[in-house]
Each structure stands twice: as C-alpha cells, then as structure tokens.
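Engineer: One structure, as structure tokens, below. Some questions next.
The values are calculated or read from the model by the stated rules, or taken from the named source; none is laboratory data. Please read all numbers here as calculations on a predicted model, not as lab measurements. Ideal geometry is used to build each Cβ from the backbone, glycine not excepted, and the neighbour counts take in all protein chains shown. For accessibility, only protein heavy atoms count, side chains too; no ligands or nucleic acids. Shrake-Rupley method; radii C 1.70, N 1.55, O 1.52, S 1.80 Å.
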Amino acid sequence: MTTNTRQPQSAWALLADIVGGAASVIKGHVVTLRNWLRPKVTGQYPYRDPAKEWVPKPGYRGDFALIHDPERPGGLRCIACMACANVCPDKCIHIIGQGKGKERHPAAFDIDIGLCMYCWLCVEVCPVRAITLTPEYHNVAFTPQELIRDINDLKARGEGIAEPLLPVPIERSVLQPPTAKKKDVSEA
Amino acid sequence: MNEANVGTTDQLIVNMGPQHPSTHGVLRVALTLDGERVVSADPDIGYLHSSMEKIAERLDYRQYISYTDRFDYLGAMCNEWVFVRAVERLAGIEVTPRCEHIRLLMAELNRLASHLLYFGAMGIDTGATTVFLYCFRERELILDLFEWVSGQRLLYNFLRVGGLRNDLPDGWVEQCHAAMDALASRVDEYDTLLSENRIFIARTRGIGAITAEEALAYGFSGPCLRGCGVPYDLRRVDGYSLYPELDFEVCVEEGGDCLSRHMVRSRELRESIKIVRQVLARLPEGEVNVPVPRRLKVEPGEVYERIESPRGELGCYLVSDGSDKPWRMHWRAPSFYNLAPLDRLCRGHWMADMVAVIASTDIVLGDVDR
C-alpha cells in the first residue's frame, strides 16, 4: 500500500518536520504577498471603462470585411472568382456573381461566421486581396441568423480598410505583393 | 488491496467524468472503489472524437493545417510543425533558415505556454489555486506574442508548407525578450509554491509510480517518460531541425511518480526559456517563404515524421497517392499513450490521488480522441 503516512523516528525528527513544513508554507505565503503588491492584470468584461477596452493587435483574425474599390461596379474589389468559397474548409462563404469579364462583381456575398473557423485561407487565396479579417471580435448574437454577414454588412465593415490586415507589410507574408494586383484583374 | 479492508466494505463503481473538473476535458473513468481506495480505473475515451484523420482525406494540404491546431489545442504550433514537416519531406521542399528558426521558436514558446497551463492545472488539482492564477498571468505573455504574430491566441494556422503565414512583426523580438525575462523571474515562484511545498510533495511523492520498463512498454513519451529516468527526448535523439546546434539539457528525473513528472516539466520551463533566448540571438535575416504551388501535389509515398511536442512524441504518418490530398493520415498522439496506463498508475491509491495522477500525465482530451 502506497500512502503518505510519514512516521518520524524521534521527537526531534517530528519537530524538524513540523518546523520545515511550516517554513515551506510561510515561504509560499511570502510569494503570495509579493504578488499581491504587483499591479492587477485582469479587467472587467463587459467593459465598465471604455478606455480600458482590450484592443487586439492589427493582424487579429476577427470578423470579416470586404475591401472597397470605388472604380469597380458594386464598389468592391471582389471579382466573384469563387476562390475563397472553394478553399473554405467549412464552406461558409456563399457568393452569387454578376456581370462578365472586368465587370464581374458579387451580387450577393454571405459569410456564415457561425460556421467559420477563422483560418484566414480566404484572404490568402484571394487574387485581388478583396477580403480581410478585422480585429472586430464582438460577434455575439441571439439568433443564428444574426451570424450571417451579407454583402452590405461586409461592405460597411470594410470602410477605411485599404489592404488585408496583417501584422507585417504584405511583402513579408504569403499574400501576393501589391504589384501583382493589376495583372490578376486583367486575367480575370 | 489492504487485507484488513476485505469483508468490511463493498466495492463500489463510480463514474468520474465526463463532466468532472479534474479530468482535463471529457474523460470518463469508471472507477471501482473499495472505500476510498481505487481498485481499478478504466478510462473511457472518445467523447471528443472528431475524425481528424478522416477529415484529412477530403482536404488538401493547405486546408488541413488549420485542423491540426484543433486536436492538441495546447500545442497547436507543434501540431502544425509536424504536419508541414511531413508534407515538406514528401514533397522535397527545403525551407529557409529564418523560417526554420521561427518555427522552432514558436514550438518552444508553445511548450512554455503548455507547461505553464500544466502547472496551473496541477496546482488546482492538488489544491493550490494560487499558482493557477499566476501561471495563467504569465501564459498570457506568450499568448500575446502568438496573437500578434499569427492573429489568434490558440488556433494559430501560422505555418504553411514551405514557409509561414508572415514574418515576425517589427518589435516582436524585443517583446519576446521582455516576456522571457518576466517569465524567468517568475519560474522560481512556482517552484516555491509547488515543487518545494511540503503539502504538494506529500500529495505527489510516490503517487502514480511506474518503472522505466513498464513506462516504455506502455509507450510513454515526453516528460512522463523522462520522469521515469529514461533520457529520451526527440530533440536530442532525432536531432531534428536546429536542435543539435542549440545548448539545452534533457531533463531527467528518477522516480517515475507524479513529483518526478512535475519536476521534469519545471526544469523544462527553464530549458525552453534558454532555447528561446538562443534562437532569438541567432535569428537570421532573409525570406521566410519559398515558392510553393497553390495546389500542392506531392509524390506518391509515405512518411512518418515525429517531433517532441509538450506532451511527448507527436507523430504524423502520411500516405500520398500523388494527388493534392493525403490518401491516409494518422496521428501518433502522445496523450493517448500517456493515458493508457491510468489503471496501472492509480491502482491502490486514494481516489483523491487519481486527480493528481491525471494532472501529472498532462493529457489533452482533444489529443487523446482526435
């Protein structure tokens, strides 16, 4: 039987055991005391104070956005090539394309973020860098329908975003460099 | 079993889990108890089974990387690493030196984060709640680094076949240095709170002891096996990646009990900090990605690639038929093998000690069930 019954040989050994045990507990309490004096690292959620709100880093993979291009029909860069819908492992992107050649643009663009696993592959495969994930992380909803982002929603979220968001310049990532953009559009 | 107990108490079968806070996920253990003594412990797994290996057969290599994050979610970078290593070996792709350095760096940071979570879980399971809070505070430093570089805190999808999602951002290396300095100064505190605490030692010494022969027969690996006195660390044994060039110690403890396994991880924290600092110091400049076709097709063949994950030998067996998808794949998940001797480890101990035994094997149920 393996138990932890310790049987000290003598009264002195017992005393040493008690003193040693007490010392180890006191040493532990010194650590706790030291940490008690350190600044607090936790915060309240939902935020009581907007100034203390946690801001994710630039490349954080949160909610989706479509990047604008005012010169194109529909006002979006997207050419409805279906690359993102095909690569998506969860098949949560649904696009209906419209127009031919250079005029091709999405008539409908739905993303079900309830299915999405935020893997970033849609951003990676996009030949025109039209889609991005944003640091927006307040994705709570009461019904599953609220978790479906349609084209207007995605367009509104893309306001002011020029390129897919990354923690580094695009040249230092797997995304194609900006110079490849024009060529890809003409090919499509 | 104690002879004096026979005839005085009936044996009782108790289901521990699957919703038990100390089973580290959805693990059900059918316990046969004689009073408070464990007569046998029969782990019942499969609650978190998600067909990880079958899913691989319908996804191409690029798509599957984000799935590898999701079985051993505490060592996601290591899972990605072993998978991309396997694919790269099949496809004959050489990665750049900077990429190799960053991958190794991520794996070691992930080991730190995983061991910190182990410390917290071990503490909370043996009644020391404080260390759990402190470890999570320090783990946050590492998760912040991951969040910055990969965009997520737990499921990174950062490694690619032939490279990485992106290079390290400016200022990341400095923040990593700062995090390592902060962590290094705190590791001693965990030891004061746990490894040197008399109560903790009484809860773990001699509990769940296993000999080196038995451990090897059961397929133990990682810190659990090194806690039995076997100096088996794939980072040294295989010497994969840049590990042969780095200066670190393989942490071995004699004893094979919960305390030895704990001490191995405690020392590995320091060794991993040492490795991270070395890699940061010698991080070369240059490209991180080599050109790889969008739809990668690898030669027909099979490969078994293994690395030392925070939990032990993590293996990826991959068979290709020449298409862009794996024909068959299998994970050698360390948690599964480390859970196997649970009955052997717990038999004869108090039921309360079982919690310490499960915590000390550091299993992740996603990794067990896949």
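Engineer: Restricting to region B:261-274, give me the number of residues that are in contact (Cβ under 8 Å) with a residue 24 or more places away in the chain and open to solvent by 10 Å² or more (accessible area, probe 1.4 Å). Before the answer, list the steps.
Structural biologist: To start, the set of residues in region B:261-274 that are in contact (Cβ under 8 Å) with a residue 24 or more places away in the chain comprises B:261-266, B:268-270, B:272-274.
Add one more test, that the residue is open to solvent by 10 Å² or more (accessible area, probe 1.4 Å), and what stays is B:263, B:270, B:274.
Of the residues in region B:261-274, 3 are in contact (Cβ under 8 Å) with a residue 24 or more places away in the chain and open to solvent by 10 Å² or more (accessible area, probe 1.4 Å).
Engineer: Can you confirm whether A:Cys88 is within 28 Å of B:Trp148 (Cα to Cα), within 14 Å of another protein chain (Cβ to nearest Cβ), free of Cβ contacts under 8 Å to residues at least 60 places away in the same chain and surrounded by 14 or more Cβ atoms within 10 Å (Cβ to Cβ)? First the steps, then the outcome.
Structural biologist: Working: within 28 Å of B:Trp148 (Cα to Cα): yes; within 14 Å of another protein chain (Cβ to nearest Cβ): yes; free of Cβ contacts under 8 Å to residues at least 60 places away in the same chain: yes; surrounded by 14 or more Cβ atoms within 10 Å (Cβ to Cβ): yes.
Criteria met by A:Cys88.
Engineer: Hey, could you check region A:127-162 for residues that are among the β-branched types (Val, Ile, Thr) and within 14 Å of another protein chain (Cβ to nearest Cβ) and say which is surrounded by the most Cβ atoms within 10 Å (Cβ to Cβ)?
Structural biologist: A:Thr132
Engineer: Could you check how many residues of region B:91-128 are open to solvent by 10 Å² or more (accessible area, probe 1.4 Å) and within 19 Å of the chain's Cα centre (by Cα)?
Structural biologist: Of the residues in region B:91-128, 4 are open to solvent by 10 Å² or more (accessible area, probe 1.4 Å) and within 19 Å of the chain's Cα centre (by Cα).
Engineer: Among (1) away from chain B (no Cβ under 14 Å); (2) free of Cβ contacts under 8 Å to residues at least 60 places away in the same chain; (3) not hydroxyl-bearing (Ser, Thr, Tyr), where does A:Trp120 come up short?
Structural biologist: All conditions pass for A:Trp120, except number (1).
Here's the yes/no breakdown for (1) open to solvent by 10 Å² or more (accessible area, probe 1.4 Å); (2) among the β-branched types (Val, Ile, Thr); (3) in contact with a strand residue (DSSP E or B) (Cβ under 8 Å, 6 or more places away or on another chain):
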{"position": "B:Gly17", "(1), (2), (3)": "yes, no, yes"}
{"position": "B:Gly25", "(1), (2), (3)": "yes, no, no"}
{"position": "B:Ala30", "(1), (2), (3)": "yes, no, yes"}
{"position": "B:Ala41", "(1), (2), (3)": "no, no, yes"}
{"position": "B:Gly46", "(1), (2), (3)": "yes, no, no"}
{"position": "B:Gln63", "(1), (2), (3)": "yes, no, no"}
{"position": "B:Tyr73", "(1), (2), (3)": "yes, no, no"}
{"position": "B:Met77", "(1), (2), (3)": "no, no, yes"}
{"position": "B:Trp81", "(1), (2), (3)": "no, no, yes"}
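Engineer: Being hydrophobic (A, V, I, L, M, F, W, C) and part of a helix (DSSP H, G or I) narrows it down to one of A:Ala80, A:Ala85, so name that one.
Structural biologist: A:Ala85
Engineer: Does B:Glu88 fit the bill of being charged (D, E, K, R), open to solvent by 10 Å² or more (accessible area, probe 1.4 Å) and either without any contact (Cβ under 8 Å) to a residue 24 or more places away in the chain or part of a helix (DSSP H, G or I) (or both)?
Structural biologist: Criteria met by B:Glu88.
Engineer: So is B:Tyr190 farther than 30 Å from A:Leu133 by Cα, under 21 Å from the mean Cα position of the chain (by Cα) and within 10 Å of chain A (Cβ to nearest Cβ) or not?
Structural biologist: It is true that B:Tyr190 is farther than 30 Å from A:Leu133 by Cα, under 21 Å from the mean Cα position of the chain (by Cα) and within 10 Å of chain A (Cβ to nearest Cβ).
Engineer: Do we have any residue at all in region A:102-110 that's farther than 20 Å from A:Ile148 by Cβ and within 10 Å of chain B (Cβ to nearest Cβ)?
Structural biologist: Within region A:102-110, not a single residue is farther than 20 Å from A:Ile148 by Cβ and within 10 Å of chain B (Cβ to nearest Cβ).
Engineer: Of all residues in region A:19-52 being in a loop (DSSP other than H, G, I, E, B) and surrounded by 11 or more Cβ atoms within 10 Å (Cβ to Cβ), which is farthest from the other protein chains (Cβ to nearest Cβ)?
Structural biologist: Of everything passing the filter in region A:19-52, A:Tyr47 is farthest from the other protein chains (Cβ to nearest Cβ).
Engineer: Quick test of your reading of the structure: B:Glu308 fulfils all but one of (1) open to solvent by 30 Å² or more (accessible area, probe 1.4 Å); (2) at pLDDT 85 or above. Name the failing condition by number.
Structural biologist: Condition (1) is where B:Glu308 drops out.
Engineer: Take region B:203-219 and flag every residue that is away from every other protein chain (no Cβ under 14 Å) and open to solvent by less than 10 Å² (accessible area, probe 1.4 Å). Quick ask: steps written out before the conclusion?
Structural biologist: Of the residues in region B:203-219, the ones away from every other protein chain (no Cβ under 14 Å) are B:212-219.
Answer for region B:203-219, where residues must be away from every other protein chain (no Cβ under 14 Å) and open to solvent by less than 10 Å² (accessible area, probe 1.4 Å): just B:Ala215.
Engineer: Here are some conditions: (1) surrounded by 17 or more Cβ atoms within 10 Å (Cβ to Cβ); (2) in contact (Cβ under 8 Å) with a residue 24 or more places away in the chain. B:Gly322 meets all but one. Which one does it not meet?
Structural biologist: Evaluating B:Gly322 over (1) surrounded by 17 or more Cβ atoms within 10 Å (Cβ to Cβ); (2) in contact (Cβ under 8 Å) with a residue 24 or more places away in the chain leaves (1) as the failure.
Engineer: Let me ask you something else. Could you tell me whether A:Glu124 is surrounded by fewer than 19 Cβ atoms within 10 Å (Cβ to Cβ) and in contact with a Lys or Arg (Cβ under 9 Å, 6 or more places away or on another chain)?
Structural biologist: Against the criterion (surrounded by fewer than 19 Cβ atoms within 10 Å (Cβ to Cβ) and in contact with a Lys or Arg (Cβ under 9 Å, 6 or more places away or on another chain)), A:Glu124 does not qualify.
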